[in-house]
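Student: Sharing a structure here in structure tokens format.
The values are calculated or read from the model by the stated rules, or taken from the named source; none is laboratory data. This structure is a prediction, so every number in the text was calculated from the model and none was measured. Cβ placement follows ideal geometry from the backbone for every residue including glycine, while neighbour counts extend to all protein chains displayed.
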Amino acid sequence: MAGTSALHLVGQASGGVTIQVNGQTVNVNSAPDTPLLYVLRDELGLHGPRFGCGLGQCGACTVHVGDQAVRSCRVPVNSVTEPVTTLEGLASGDQLHPMQQAFINEQAAQCGYCTNGMIMQSIVLVNNNPSPSEADIRQGLATNLCRCGSHLAVIRAVQGAAAMATA
Ligand code: FES
Ligand code: FES
């Protein structure tokens with residue numbers, strides 16, 4: 001898992017907040033009200049989630065908390081009670097998550113800045129709706145912003161991942 005070496009395992013750090021990230025229990029030193037995004041990126045070295053707006057409006061920072069897609073820029077780390085999964089935690093060994101593979105298959109990125117959020121949000125979308133229509137995908141990703149215009153390829157990727165999952 002990318003970034004694993006940067007994780008502080010419980011017992012190796014003195015912080016007061018303990019969270020589960022990508023299958024590991026980590027004890028973080030950041031102040032309890034620090035946004036989860038900052039903890040992931042700055043303390044744990046997990047750079048999949050991106051800082052875009054910092055206001056919960058662009059989706060670049062999306063991670064999974066439990067089975068929900070959340071905007072980690074708006075979540076204080078001390079409010080996190082369920083396991084966190086970041087982009088780095090999606091693959092199983094060398095096997096990419098089907099959504100990651102579908103984004104590659106469709107080349108569904110240009111600069112890639114939004115791609116973390118698109119993938120993380122799309123996984124939850126398909127988990128909740130295994131056969132989404134194009135309208136469902138558009139609605140589900142309506143607040144994931146892309147400045148490069150990769151939306152049509154993203155829609156194809158989500159459709160491809162959904163098809164893989166139901167094949
Ligand atoms: S950086 Fe979190 S929603 Fe934009
Ligand atoms: S690919 Fe550049 S912001 Fe979406």
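Student: Residues to consider are ASN116, ASN127; find the one that is more than 16 Å from ligand 1 (Cβ to nearest atom) and not assigned by TED's automatic domain parsing to the domain that holds VAL26.
Tutor: Numbers: ASN116 fails: more than 16 Å from ligand 1 (Cβ to nearest atom).
Answer to the check: ASN127.
Student: A further question on this structure: Only residues that are in contact (Cβ under 8 Å) with a residue 24 or more places away in the chain and either surrounded by fewer than 13 Cβ atoms within 10 Å (Cβ to Cβ) or under 22 Å from LEU55 (Cβ atoms) (or both): list them for the stretch 128-140, please.
Tutor: Those that are in contact (Cβ under 8 Å) with a residue 24 or more places away in the chain and either surrounded by fewer than 13 Cβ atoms within 10 Å (Cβ to Cβ) or under 22 Å from LEU55 (Cβ atoms) (or both): PRO130, SER131, GLU134.
Student: Can you tell me how many residues in the stretch 86-113 are within 16 Å of ligand 1 (Cβ to nearest atom) and closer than 14 Å to VAL63 by Cβ? So that I can check it myself, show each step before the final result.
Tutor: Within the stretch 86-113, the subset within 16 Å of ligand 1 (Cβ to nearest atom) is 86-87, 111-113.
Subsequent filtering for residues that are closer than 14 Å to VAL63 by Cβ retains 86-87.
Total satisfying the criteria: 2.
Student: Which residue is nearest to GLY52 (Cα to Cα), if the candidates are limited to the stretch 141-160 and must be within 13 Å of ligand 2 (Cβ to nearest atom), part of a loop (DSSP other than H, G, I, E, B) and among the aliphatic types (A, V, I, L, M)?
Tutor: LEU145
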